[in-house]
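Read-outs throughout are calculated quantities, based only on the coordinates presented, and are distinct from any laboratory measurement. What you see is a predicted model, and the numbers here were worked out from it, not measured in a lab. Counting neighbours? That spans all protein chains shown, and the Cβs are built from the backbone with ideal geometry, glycine included.
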Amino acid sequence: MKNVVLFFLMPILLLAQSKKDTIRVFYLGGQSNMQGYGYVKELPDSLNKKNKNVFIYQGNPVGDNDATGGLGKWDMLQPGNGTGFVSDGKTNKLSDKFGIELSFAKKLQELYPNQKLAIIKYARDGSSIDSIGTSYFGCWEPDFKGGKGMNQYDYFQKTVNSAMAVKDINGDGIEDVLIPSGIIWMQGESDADKTEQIANKYYTNLKRLMELMRATFRNNDLPIVIGKISDSGDDDDGKVWGYGELVQYGQEKFATTEPNVTIIRTTSSYKYSDKYHYKSEGYIDLGEEFANAVFLLKKRNKYKEVSSN
C-alpha cells in the first residue's frame, strides 16, 4: 500500500522539487549619493515601511584594504540602507539614512507588477574610480595594487558573487533564479575633485569599469543607467567640484556612445542638505528616475537576459 501511495505522490514531489522562482535583480553602485543621505524620518508613509516583496543584499561599505568590505546578507527591503549601514555578513545594522533603493523598488513594482524583484547594493562614500582620486575613501580601479590589493572593485565583486550564490534569497524554501536586469551607477564627484588629468580620464575609466561589471553579471549588453553629477555651488569660488564639467562630459560621452546606456540629468535640479549631498526628496525622485530609465532601456533594446544559474 505504501508503495502505491508513493507511486501516485511521486509526480507531485518531483514538481515541488523542480519549482523555482525567477527574480529580476538590479545592482546599485557608486559613491555617497548612491549610498544615500536621505533622512528616514523625512520619508513619506508610502516608503517608510518594510517592502515584503523586495529583498536587498548590501555589501559592507569600507575603505580599501579592509577584509570586511563587501560582507552582507539578504534581507527584506526597508528604510536604513543609506550611509551608516554596516554588515558583518551575519547581521545587517540599519542606519537612520536611506538612498534611492526605496523609491526605485516601489516604481519597479509598478512597472513589473507580476514579477519578483531584488536589489544588490554596494556603494562607498567619497570613492573615486581613479586610484589617486581619493585615499581614505577608496577607489574602484580594477588594477589596484595598493596595500593588500583589495579595493572598491574587489568589494563589488565580493558583494555580487556572494549575493548571486544564494539559492533561496527570501527563505521561502523555493529555489530562486536571479536574472541580472540592470546596473545603476551614481558616482563621479571624487574624480572631479583632484586634478584636470584625473577628470579627463573619467570616460575611459568609467567605460572599462562598466565593461567589467557587465562581465561579472555575465551579460555584456546589460542595461546601464548613470546619474549625472551636479554641484551645489556651496564654495568660495561657486564650485565644489573643480573639474566637474570634465567629468560631466565623460558621463555624457559614455551615455551617448555606448550601447544600452542612458543618463539621468534631473540631479541638476535637486536641493542639497549640505555641500555634497541631496535632500531627502532628491533621493526619492532619483530612485524613480532610475527605475523608469532602466525599464525603458530594457523595453527599447530587448536585451538578452542571462540567469545566475
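Results, tabulated for the structure shown:
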item: Zone residues, the stretch 168-206, relative to Glu245, backbone N less than 14 Å from point 7 Å out along Cα-to-Cβ; result: 196, 200
item: Total formal charge among the other residues, if their Cβ is under 12 angstrom from that of Ile264, Lys/Arg +1 and Asp/Glu -1; result: -2
item: Whole-Å semi-axes of the ellipsoid equivalent to the stretch 148-287 (Cα gyration tensor, √5λ, descending); result: 30, 19, 15
item: Förster-model FRET efficiency, 30 Å R0, Asn220 and Glu42, C-beta, rounded to 0.05; result: 0.15
item: Burial order of peptide ranges 200-210, 27-37, 58-68, 237-247 (average beta-carbon count within 10 Å, highest first); result: 27-37, 58-68, 200-210, 237-247
item: Additional length obtainable on full extension of the chain from Thr256 to Tyr112, 0.36 nm per residue less Cα span; result: 49.2 nm
item: Charge dipole (the chain, unit charges on Cβ, about Cα centre) - positive-most of Thr267, Ser131, Gly72; result: Gly72
item: Extension reserve of the Asp172-Ile132 stretch, reckoned as 0.36 nm per residue once the Cα distance is removed; result: 9.9 nm
item: Cβ-Cβ FRET estimate between Lys90 and Asp21, R0 fixed at 35 Å, reported to 0.05; result: 0.90
item: About the Cα centre, charge dipole magnitude for the stretch 93-157 (Lys/Arg +1, Asp/Glu -1 at Cβ), debye; result: 280
item: Span-rule helices in the chain, defined as complete DSSP H runs reaching 27 Å or more along the axis (Cα) with Kyte mean at least -0.5; result: 280-301
item: Cα-based equivalent ellipsoid of the stretch 20-301: semi-axis lengths in Å, sorted from largest, via gyration tensor; result: 27, 21, 19
item: Cα-centre dipole for the chain with unit charges at Cβ (Lys and Arg positive, Asp and Glu negative), debye to 20; result: 1420
item: Antiparallel DSSP beta bridges within the chain, percent to nearest 5; result: 20
